[in-house]
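Input: a single structure, listed below in C-alpha cells.
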Amino acid sequence: ETGVHGGFKPHETRLMSRSPCRSVVNSKRSDSFVDDVKLWWKLTFPSRYFTELQWSEIQKHQQEGDCWLVVDRIVYDVTWFLPHHPAGKEAILRHAGTDCTVHYRFHSARAQRLWRTNEIVGWVRSPK
C-alpha cells in the first residue's frame, strides 16, 4: 500500500516487520542506513523506484496539510501525526522541511518506534 506521495506506510501494511531487511528497522542508524533502506525498498517493492529528493523539494512541505521531515537522510511525510503529537503540532511544524535527526534522537525508544509509522517518501543525498 502506498501513501499520498507514493511512499510506503508501514503502519498500514505491516510489511516492515516481515521484511527481509528487518534488521534495518531495528538497527541503529548509521551512514549506511540509507543504503540499507534502499535495499529493503528494492526487495519489498521491486517495481518502484526509491526516490532521491532535493532539499529544494523537501522545503516545500512545511505546512499543516503537507509536512515532511528528514531523519538520517530518510524523508518522512508526518502530516497525519501533527494533531497527535503530545507537545502539539507546532513542535513538528517548526522543523518541517528540515533535517531533524537531532530532535528525533531526543525522543524515547517508544517514541522513535512510533516515528516508523510515518510514510517514507524518499531519501536525500546529504544532510543539510
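Listed residues T98, T117, T79; which is touching a strand residue (DSSP E or B) at 6+ places or on another chain (Cβ under 8 Å) and in contact (Cβ under 8 Å) with a residue 60 or more places away in the chain?
Values: T98 fails: in contact (Cβ under 8 Å) with a residue 60 or more places away in the chain; T117 fails: touching a strand residue (DSSP E or B) at 6+ places or on another chain (Cβ under 8 Å).
The unique qualifying residue is T79.
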Residue under evaluation R125, criteria (1) in contact with a helix residue (DSSP H, G or I) (Cβ under 9 Å, 6 or more places away or on another chain); (2) surrounded by 12 or more Cβ atoms within 10 Å (Cβ to Cβ), criterion not met: (2)
Exclusive hit being at pLDDT 50 or above, open to solvent by less than 80 Å² (accessible area, probe 1.4 Å) and farther than 23 Å from H95 by Cα, set F50, F33: F50
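Quickly run through segment 83-122 and pick out the residues that are among the acidic types (D, E) and open to solvent by 40 Å² or more (accessible area, probe 1.4 Å). Let's see the steps before the verdict.
Let us first name the residues in segment 83-122 that are among the acidic types (D, E), namely 90, 99, 119.
Of everything in segment 83-122, those that are among the acidic types (D, E) and open to solvent by 40 Å² or more (accessible area, probe 1.4 Å) turn out to be E90, D99.
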Unmet requirement for L39, which otherwise passes all of (1) open to solvent by less than 50 Å² (accessible area, probe 1.4 Å); (2) modelled with pLDDT of 50 or more; (3) among the hydrophobic types (A, V, I, L, M, F, W, C); (4) in contact with a helix residue (DSSP H, G or I) (Cβ under 8 Å, 6 or more places away or on another chain): (1)
Test for R73: is it of a type outside the set (A, V, I, L, M), open to solvent by 30 Å² or more (accessible area, probe 1.4 Å) and touching a strand residue (DSSP E or B) at 6+ places or on another chain (Cβ under 6 Å): yes
Matching residues, segment 56-111, being closer than 16 Å to V124 by Cα and among the aromatic types (F, W, Y): W68, Y76
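The values are calculated or read from the model by the stated rules, or taken from the named source; none is laboratory data. If you're wondering where the values come from, they're calculated on a predicted model, not measured in any experiment. Cβ atoms come from the backbone with ideal geometry, glycine included; neighbour counts cover every protein chain shown. To get the accessible areas, we keep the full protein, side chains included, count just its heavy atoms, and leave off ligands, DNA and RNA. Shrake-Rupley method; radii C 1.70, N 1.55, O 1.52, S 1.80 Å.
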